[in-house]
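Undergrad: Handing you this structure, nothing more for now.
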Amino acid sequence: MASSLISNPVENSDRSRESKKKKKKIQNQNQNQNQKQTRWKTKFEQQIYSSKLLDALRHVHRNPSSAASSDTPLRGRAVREAADRALAVAAKGRTRWSRAILTNRLKLRFKKHKKQRVTVTGNSRSKKPGVSILRLKGKKLPALQRRVRVLGRLVPGCRELSFPVLLEEATDYIPALEMQVRAMTALAELLTSADAGSGAAC
């Protein structure tokens, strides 16, 4: 045994290098997992998102053309879109869901600029949405696959992803939404306290 160790010092050094590489790889994977778990939970990230959210909301407030001030549902939708856009910007496009939110916004902007021609014909009938083959097939899917499909629809840009990638995106998207809720509730509390203070001053 000792003679074999002495006779092959090159092989032994190669094995030790490979084991060191494997240990480093495992340590890097553990560090990445820890970073993903703590992401969106620090106060610093919440402050960054809050500042981006405030800028986006000011932009919505300044541009009444984007949402009519009299129409409350449109205004609420504009606020929600601004909050989602700020969240995607805070994610810096590292994830699919953030890129999907940002590209969706660009697509909507291009659609508004294009003029759509509508032709009216005498035989035009109101088309009822038909039942697609995919929906019929979806009813026969096992429960887990149905849930995966629902999850894919909930996470932006993740409808046609493999299950492990979808889970990775969802584990990043859910804490981001939680942080968004925290930031928006804090902002709502500040605004209500400011309104109460201005009402008391009057």
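Undergrad: Determine the gain in length on full extension of the stretch Lys41-Asp14; use 0.36 nm per residue of separation and subtract their C-alpha separation, reporting nm with one decimal.
TA: Length difference between fully extended and current span is 5.5 nm.
Undergrad: Using 7 Å Cα-to-Cβ label points, what is the His59/Thr192 separation (nm, one decimal)?
TA: Distance between the two pseudo-spin positions: 2.8 nm.
Every number in this text was worked out from the coordinates using simple rules, so none of it is lab data. Please read all numbers here as calculations on a predicted model, not as lab measurements. Using ideal geometry, Cβ is built from the backbone for each residue, glycine included, and neighbour counts are taken over all protein chains shown.
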